[in-house]
Amino acid sequence: MTDTELRYAAMQVLKENDTGNFIKPAYRQYPHQWNWDAALIAIGLRTYDVPRARKEILSLLSGQWSDGMIPHILYPTGASDYFPIPDFWRTEGLPHGPAYPTSGLTQPPVLATAVRLIHKDATDKDASLAFVKEVYPKVLAWHRWFYAARDPEGTGLVAIIHPWESGMDNSTRWSEALSRIKLENVPSYQRKDFQHVREEERPSAQDYEYFMYLIGRYRDLQWEPEALYSKAPFLIQDVLLNAILARANTDLLMLGTEIGEPTTEIEGWLDKAREAFNERLWNHEEGLYFDYDLRAARPVQQNTCAALSPLYSGLPSSSQAQRLVDEHLSNPDEYAPGPNGQYYIPSTSKNSPLFEARRYWRGPVWININWFIIQGLRTYGYHDLADVITKQSLELVSKSGFVEYFDTRDGAPLGAEGFSWSAALTLDLLSELT
Ligand code: GLC
């Protein structure tokens, strides 16, 4: 496929998934609006339709809770054949809740970065500035919510209360913490995610039991932030989410400066995060960043793509970045092409005993992860490697289509077809090449 054909095909996917107000992550598998999907989709949309990119962001913000939280799934069009259905969450009528049904969890905050990228390249400068002024206080309110609700102790790192909040639902990073949970009174449920995708490519039955159990606990607590933080059986400072938040704070700081807003609060978040990444998340022996499990009071020593993701935040020193790249990302036993896999960047290190080549976030390559790491590599000056991963990502979507994830061994298509962020980020990667 030529670049022009690829660009056209990517735009077609977004068009087919477009409901008019928001773009579905995948036509059949994910028929509602998802949080980090929306931001990643908007990053792609801005390369050819800036007003549509803004609309995607405004739709996401329409689901914001009155306490500032932006939920991970929004159901503006009501129920579908997707599970969980809106009622499962029991978020309606909460005093701090949303205006229409949403989930009660959140997701990685790519939003501020999307807003900055949309604004940076916009040619209608006045409209763009008006857009930034409109959304800025809402994005800031979400970041404030993160620190108040998920870091009440002021460590500088925010915590997740459910694996779905990480966006990497069944990552090997969560297995140990989940296995400590005693399952009782799991709400009754019926999975619908095998309707369009093969079962062996989806999270295991055991993982689902934990996912449902946690939702049951939290809806009983009426999604009240203080109760959730103090009682959540799963409470982890996730490296990837914190890396995304740090990058988002850098972008918010730039936007705030441009529109004349005070920024010392955001600078404070960034200073604290830099320190906490070093003191709590960095593992000097391994040369990797690990999540921190607050309930077990210890790091989660799993080698996954998240351990490299601080590159995207810009927080590591150049020598820390060098260790991530030289010892891990470029290591064929872990993330680089070699005898056990041809494609960057498997979601779990290939030499991990928990690696599963076809199962969701436990091995396959995801285009958003490649995109985060490519941005990080460019920040630290690793342009050659960034180019290689860009070319490989484009090769994957050219040969296997815009699917949800790919087999690192041979690039085979996995998961849902017509996956929006695979298409949207292809558009962004192509625009960087030209
Ligand atoms: C899955 C993914 C999550 C994504 C959602 C919609 O739950 O794990 O990251 O946001 O699907 O695409």
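Please build a GNM for the chain, connecting alpha carbons under 10 Å apart, and tell me which residue among 418, 44, 260 fluctuates the most. So, out of 418, 44, 260, the one fluctuating most is 260.
Model label points for residue 384 and residue 133, set 7 angstrom from Cα along the Cα-to-Cβ axis, are 4.8 nm apart. Working from label points 7 Å from Cα in the Cα-to-Cβ sense, the residue 317 to residue 278 distance is 0.7 nm.
Rounded, prolate or oblate: which fits the chain, taking a ≥ b ≥ c as square roots of the Cα gyration tensor eigenvalues, rounded meaning a/c under 1.5, else prolate when a/b beats b/c? Mind showing how you got there, number by number?
Numbers: a/c = 1.13, a/b = 1.05, b/c = 1.07.
In terms of gyration-tensor shape, rounded.
Of all lysines in the structure, those lying under 24 Å Cα to Cα from residue 125, and not within fewer than 8 positions of it along the same chain, are 55, 133, 138.
Sorted largest first, the principal axis extents computed over the alpha-carbon atoms of the stretch 146-293 equal 50, 39, 32 Å. Projected over all directions and averaged, the alpha-carbon convex hull of the stretch 211-337 occupies 10.4 nm². The alpha-carbon of residue 192 sits under 16 angstrom from the alpha-carbon of none of the lysines, leaving out residues fewer than 8 places away in its chain.
Within a straight-line Cα-Cα reach of under 25 Å, residue 350 can be paired with the following lysines, leaving aside sequence neighbours fewer than 8 residues apart in one chain: 391, 399.
A Förster distance of 45 Å, applied to the separation of the beta-carbon atoms of residue 92 and residue 432, puts the FRET efficiency at 0.60.
Extent of the stretch 1-88 along its three principal axes (Cα atoms, max minus min coordinate, largest first): 45, 27, 18 Å.
With the largest listed first and rounded to whole Å, the semi-axes of the equivalent ellipsoid of the stretch 6-152 from the Cα gyration tensor are 25, 21, 11.
Each value in this text was obtained by applying a stated rule to the coordinates, not by laboratory testing. Bear in mind that the values here come from a model prediction, so they are computed numbers and not experimental data. Note that we place each Cβ from the backbone using ideal geometry, even for glycine, and neighbour counts take in every protein chain shown.
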